[in-house]
Amino acid sequence: MIQITLYRNPQKEYCGFRSSGHAGFARAGQDIVCASVSVLIINTINSIETYTKDKFSVVSDDRKGLIDYQLKDRPSKEAELLLKAMALGLQQLADDKHYARYIDLTFEEV
């Protein structure tokens, strides 16, 4: 199961996330749930880095399927929108009857 925690600041803005684990939907290289989550997460990180000036920290471990990503300051409007879009995609996957048992999505105030 992929465990994802979306971080929100006291102003309820998205400011980062932690994702760990593997879905176990199918064999490595065939797992569409892992691929979907990975695309949403990596594209969000790359988009924030490319299209904003927001500073961030990221820790990753491929073997554990871990990515811990946090903005260093309050998010710009652009970064917050990109994180909201990622959250929407993850929420839709987590709510889908075919994939819900492979994704645990939680929210945490930081």
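None of the figures in this text is laboratory data; all of them are computed from the coordinates on show. Since we're looking at a predicted model, the values are computed, not measured. Virtual Cβ from ideal backbone geometry, glycine too; neighbours counted across all protein chains shown.
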Residue-span extension gain [residue 70 to residue 85] - 0.36 nm each, minus C-alpha spacing
3.8 nm
Nearest 10 degrees is fine. How inclined is helix 32-51 to the longest principal axis of the chain, computing both from alpha carbons?
20
When the dipole is taken about the Cα centre of the chain, and only Lys, Arg (+1) and Asp, Glu (-1) are charged at their Cβ, what size is it in debye, to the nearest 20?
0
I'd like the orientation of helix 77-95 relative to the chain: the angle between its Cα long axis and the longest Cα principal axis, in ° from 0 to 90, rounded to 10.
20
Of 12/55; 12/97; 55/84; 53/84; 12/64, which ones are farther than 26 Å apart at the Cα?
12/97; 12/64
Give me the net charge of residue 101's neighbourhood, meaning all other residues with Cβ under 15 Å from the Cβ of residue 101; Lys, Arg count +1, Asp, Glu -1.
-3
